[in-house]
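Everything below concerns the one structure shown next.
The values are calculated or read from the model by the stated rules, or taken from the named source; none is laboratory data. This structure is a prediction, so every number in the text was calculated from the model and none was measured. Cβ coordinates were reconstructed from backbone atoms using ideal geometry, including for glycine residues, and neighbour counts include every protein chain displayed. Just the protein is used for accessible areas: all its heavy atoms, side chains included, with ligands, DNA and RNA removed. Shrake-Rupley method; radii C 1.70, N 1.55, O 1.52, S 1.80 Å.
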Amino acid sequence: MSPGSGEEVRVEVEGRTLKLSNLDKVLYPRTGTTKGEVLNYYAQVAPVLLPLLKDRPVTRVRWPNGVEKARFFEKNAPAGTPRWVRTADVPTTGSRGESRHGDRLVFPIIDDLATLTWAANLAALELHVHQWTVTRQGKPRGADRIVIDLDPGEGAGLHECCRVALLVRDKLAERKLDTRPVTSGSKGMHLYAQLPRRRDPDDASAVAKEIAEQLQTEHPKLVTATMTKARRSGKVFLDWSQNAGSKTTVSPYSLRGVERPWVATPVSWDEVDEGAEDPLGLEQFRYDEVLARVAEKGDLFTD
């Protein structure tokens, strides 16, 4: 029998004792998905998620009363964080620059199942990470990958994102970078390219911006590199700015705090091709579908 909404359950996770609470609380009212189901999803997806969180400070977006209620972003490790949770003390400006005002943040590093379970128990549905990492001692390093966020404006959708993704892939291939597509779990897509060597986040941003502006010039009816929403109708905005040292992007395999329990899901280029050809060829994936995909296809992001 599952515990009632007000009860706590003690569990052992990798030798750590955690108190899990409110397991029956519904976090996604549209589908009735409970906190217990969220915890179960993260436990099952951990083998492919944790390597992508490794050494990356995590900003959590929390919905303690469900996705139809208020949310809040949390960067610092909150009061009551267990001592065994690994943290990194970093300047607020990001990975390479000095903090101009001496401000620092103490981020948790979610690099094991116990820490992931602790975060999920706090209703941290979304896990956002930087494109740079830290050393074991917590010292920031350079960016090891580039991300380009494809954000469809009004009148555009995942179909248009797939078309643009193919264009971005070609531009990155010209720079000898291999691209991995991920449906965002919201409206659009994220495209990742692993860098052959670490770079300053400003350099990574410059590469992404160059690609965005090139495609805006070559495909002005489909692509925009301008953040202004009034200019995005029917187009896909290539958000290159998420490579800045202070910016984060939701991690692949993270849940999203939208009306349904969708997940930022790695997909194949065959699926993107199908989505580019057919407006209904590719859709966002629910958490249960993601688990089935991982069981059948493995980790499409890393493999």
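Amide H contacts under 5 Å for Leu195: Arg145, Ile146, restricted to partners 5 or more places along the chain or on a different chain, H placed in the peptide plane at 1.01 Å from N.
Grab the beta carbon distance between Ser21 and Lys229, set R0 = 35 Å, and tell me the FRET efficiency rounded to 0.05. About 0.35, to the nearest 0.05.
Using 0.36 nm per residue and subtracting the Cα-Cα separation, the extra length available between Lys139 and Arg71 on full extension is 21.5 nm.
Cross-link pairs exceeding 23 Å in C-alpha to C-alpha distance, out of Lys25/Lys297; Lys235/Lys297; Lys54/Lys139; Lys209/Lys229, comprise Lys25/Lys297; Lys235/Lys297. Look at where the Cα atoms of segment 257-291 and of segment 176-228 average out, and the two centres are 19 Å apart. Could you pull out every one of the aspartates and glutamates with an alpha carbon less than 20 Å from that of Lys69, ignoring same-chain neighbours closer than 8 positions? Within the straight-line limit of under 20 Å, Lys69 reaches these aspartates and glutamates: Asp24, Glu37, Glu126, Glu259.
Taking the Cα centre of the chain as reference, the dipole from Cβ charges on Lys and Arg (+1) and Asp and Glu (-1) amounts to some 1120 debye.
Using only the alpha-carbon atoms, how far is helix 201-218 inclined from the longest principal axis of the chain? Give it as 0 to 90 degrees, nearest 10. Once rounded, the angle reads 50 degrees. Expressed as a fraction of 2.2 N^0.38 Å, the C-alpha radius of gyration for segment 157-303 is 1.02.
Once the Cβ-Cβ distance of Arg175 and Val13 is raised to the sixth power relative to R0 = 35 Å, the FRET efficiency obtained is 0.25. Please list the non-local residues whose amide H lies under 5 Å from the amide H of Thr87, H modeled 1.01 Å from N, same-chain partners needing a gap of 5 or more. Answer set, sorted by chain and number: Ile109.
Percent of C-alpha pairs per 5 Å bin in segment 228-280, short distances first: 4, 13, 12, 18, 31, 18, 3, 0. Overall, the ratio between the Cα radius of gyration of segment 23-122 and 2.2 N^0.38 Å, rounded to two decimals, is 1.19. Using only the C-alpha atoms of segment 45-181, find the volume of their convex hull and express it per residue in Å³. Convex hull volume per residue, Cα atoms: 170 Å³. Around the Cα centre of segment 236-275, unit charges on the Cβ atoms of Lys, Arg, Asp and Glu (plus for the first two, minus for the last two) sum to a dipole of about 360 debye. When the Cα positions of Pro78, Phe301, Val164 are compared along the charge dipole of the chain, Pro78 comes out farthest toward the positive end, with charges on each C-beta of Lys, Arg, Asp and Glu. About its Cα centre, segment 212-279 has a charge dipole of approximately 620 debye under the convention of +1 per Lys or Arg Cβ and -1 per Asp or Glu Cβ, with nothing else charged. The slack in the chain from Thr302 to Asp202, taken as 0.36 nm per residue of separation less the alpha-carbon distance, amounts to 33.5 nm.
Largest first, the three principal axis extents of the alpha carbons in the chain are 58, 46, 36 Å in whole numbers.
Karplus-based coupling profile of segment 147-162, in residue order and whole Hz: 10, 10, 8, 9, 10, x, x, 4, x, 10, x, 5, 4, 5, 4, 4, with θ = phi - 60° in 6.51 cos²θ - 1.76 cosθ + 1.60 and x standing for Gly or Pro.
Seen against the Cα atoms of the chain and their longest principal axis, helix 35-53 is set at about 50 degrees.
For segment 37-96, taking the reciprocal of the average inverse distance between every pair of different Cα atoms yields a Kirkwood hydrodynamic radius of 14.0 Å.
Taking the protein heavy atoms of the chain in the context of the full set of protein chains, the accessible area attributed to carbon and sulfur is 47 percent at 1.4 Å. Taking one quarter of the surface of the convex hull spanned by the alpha-carbon atoms of segment 96-167 gives a direction-averaged projected area of 8.3 nm².
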